[in-house]
């Protein structure tokens, strides 16, 4: 993931993005509102299928599966898509599923992406449909994402005669990361050609968001989420009796100094207007209370919105580690792995699609949000083609706060499901209508999207 090729593609897309979106979406002309009959049909189908969609969501929630192991979830998704008459492919990027809905009218292809994997968390909720899989939970809302995408397919499959082009439904495994030693997630789906045959012109996704009330959606023009990198630092000291520290080299003391000093990168080495987070989330060292530890390993994450800051940070980190360990006559290993790029909603594309959201939900319910320092591997799709992710409010109205993402008590309000389906329907139908209304359908420049 996070290879040089991916990085280069992302930078190129941002530089040439206006040209690409000009070719794809008619010089930034705003999307037109759906006609009243079609809007009513969408509302009717959402209401008709509401109970089944919620039932699907609860079943997935009760049976969570970790990344690259979403076997039963994938089977459920594939069976449902097949029953709707979509062209279904399975086994993409291990357990991924793709369903292609072909409209009756000619036009291009756009996509909706939903992730399917759960997290290694023991659920603490007590409702009847809580997780039945010990130590595994849908604590990031991917059960909601999958149910909403399936619900969108259920609705749109009833109006194929109105669809001007194709809609590809991408159900992705391993968004939270693949098991050690395995490939997975969005990068592997792209590698295996999920955006090809037919060529996908644009892609949409949502993420449930407990900081927004049900009925609200959030968007950002530009960066929505941060890049995510991991690091591991091993300090190698010298063991001695705890009562004779002068005979040893204390790896714990050295590690404590390093942890504190790493934060000076944020406060003293990087432009304070550039967001940067360096978190040491795990530390292990020592084996007895009266023995000087000879080895400490610490692991953590780095988040930023700026690619230059992203490239500079590991250099600054290793300089600190090297300087402190040398001053104690210790040694170290420093390993830094780039993982996910920052998620970028191209501003020109945002301006194209935003009217559809406002038409669907009401202008007062579509709010601009600040970039978030969490990460999402949907960013890999956004490096390849115009992409738009929005945040779906799932906090019950009137509730001041809700359990956050990745919490054992996370419990999104299911009243948000119909809102997510409606938003997806409007976004893809408007995008297809605008593209199909052009006399020609120019392909994106190959140098940008390959």
Does region 398-415 contain at least one residue that is assigned by TED's automatic domain parsing to the domain that holds residue 142, assigned to a helix (DSSP H, G or I) and within 20 Å of residue 343 (Cα to Cα)? no
Residues being surrounded by 12 or more Cβ atoms within 10 Å (Cβ to Cβ) and part of a helix (DSSP H, G or I) - total across region 261-287: 7
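So, of the residues in region 87-106 that are assigned to a loop (DSSP other than H, G, I, E, B) and surrounded by fewer than 21 Cβ atoms within 10 Å (Cβ to Cβ), which turns out to be farthest from the chain's Cα centre (by Cα)?
Looking only at region 87-106, we keep the residues that are assigned to a loop (DSSP other than H, G, I, E, B), and these are 93-95, 103-104.
Filter again for surrounded by fewer than 21 Cβ atoms within 10 Å (Cβ to Cβ), leaving 103-104.
Values: 103: 28, 104: 31 Å.
It comes out as 104.
So, residue 203, is that one crowded, with 20+ Cβ neighbours inside 10 Å, in contact (Cβ under 8 Å) with a residue 24 or more places away in the chain, assigned by TED's automatic domain parsing to the domain that holds residue 46 and not in a helix (DSSP H, G or I) or not?
Details: crowded, with 20+ Cβ neighbours inside 10 Å: yes; in contact (Cβ under 8 Å) with a residue 24 or more places away in the chain: yes; assigned by TED's automatic domain parsing to the domain that holds residue 46: yes; not in a helix (DSSP H, G or I): yes.
For residue 203, the condition - crowded, with 20+ Cβ neighbours inside 10 Å, in contact (Cβ under 8 Å) with a residue 24 or more places away in the chain, assigned by TED's automatic domain parsing to the domain that holds residue 46 and not in a helix (DSSP H, G or I) - is met.
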Looking at the structure I just gave you, is residue 113 without any contact (Cβ under 8 Å) to a residue 60 or more places away in the chain and part of a strand (DSSP E or B)? no
If you scan region 392-426, which residues turn out to be touching a strand residue (DSSP E or B) at 6+ places or on another chain (Cβ under 6 Å) and surrounded by 15 or more Cβ atoms within 10 Å (Cβ to Cβ)? 392, 393, 394, 395, 402, 412, 413, 416, 420, 424
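Any residue in region 358-376 that is assigned to a strand (DSSP E or B), farther than 30 Å from residue 421 by Cβ, in contact (Cβ under 8 Å) with a residue 40 or more places away in the chain and touching a strand residue (DSSP E or B) at 6+ places or on another chain (Cβ under 6 Å)? Steps first, please.
Narrowing region 358-376 to residues assigned to a strand (DSSP E or B): 366-368, 372.
Imposing the further condition that a residue be farther than 30 Å from residue 421 by Cβ reduces the set to none.
No; the residues of region 358-376 include none that is assigned to a strand (DSSP E or B), farther than 30 Å from residue 421 by Cβ, in contact (Cβ under 8 Å) with a residue 40 or more places away in the chain and touching a strand residue (DSSP E or B) at 6+ places or on another chain (Cβ under 6 Å).
Output the residues belonging to region 210-244 that are surrounded by 24 or more Cβ atoms within 10 Å (Cβ to Cβ) and either more than 14 Å from the chain's Cα centre (by Cα) or part of a strand (DSSP E or B) (or both). Step through it out loud before you land on a result.
Here is the first cut: in region 210-244, the ones surrounded by 24 or more Cβ atoms within 10 Å (Cβ to Cβ) are 224-228, 233, 235, 237.
Hits for region 210-244 are 224, 225, 227, 228, 233, 235, 237.
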If I filter region 134-143 for residues that are out of contact with any strand residue (DSSP E or B) (no Cβ under 9 Å at 6 or more places or on another chain) and either surrounded by fewer than 20 Cβ atoms within 10 Å (Cβ to Cβ) or farther than 28 Å from residue 379 by Cα (or both), do I get at least one hit? yes
Under the condition of being surrounded by fewer than 23 Cβ atoms within 10 Å (Cβ to Cβ) and assigned to a helix (DSSP H, G or I), which residue from region 156-170 is nearest to the chain's Cα centre (by Cα)? 157
Number of positions in region 295-315 that are in contact (Cβ under 8 Å) with a residue 12 or more places away in the chain, surrounded by fewer than 19 Cβ atoms within 10 Å (Cβ to Cβ) and more than 23 Å from the chain's Cα centre (by Cα): 4
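Can you tell which of 190, 258, 254 is assigned by TED's automatic domain parsing to the domain that holds residue 74 and in a helix (DSSP H, G or I)?
Values: 258 fails: assigned by TED's automatic domain parsing to the domain that holds residue 74; 254 fails: assigned by TED's automatic domain parsing to the domain that holds residue 74.
Being assigned by TED's automatic domain parsing to the domain that holds residue 74 and in a helix (DSSP H, G or I) holds for just one of 190, 258, 254, which is 190.
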List pairs: first in region 275-290 and touching a residue at least 60 places away in the same chain (Cβ under 8 Å), second outside any loop (DSSP other than H, G, I, E, B) and surrounded by 13 or more Cβ atoms within 10 Å (Cβ to Cβ), Cβ under 6 Å, 6+ apart or cross-chain? 277/303
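The values are calculated or read from the model by the stated rules, or taken from the named source; none is laboratory data. Here the structure is a predicted model, which means the values were calculated and not measured. Here Cβ is always computed from backbone atoms with ideal geometry, including for glycine, and neighbour counts include all displayed protein chains.
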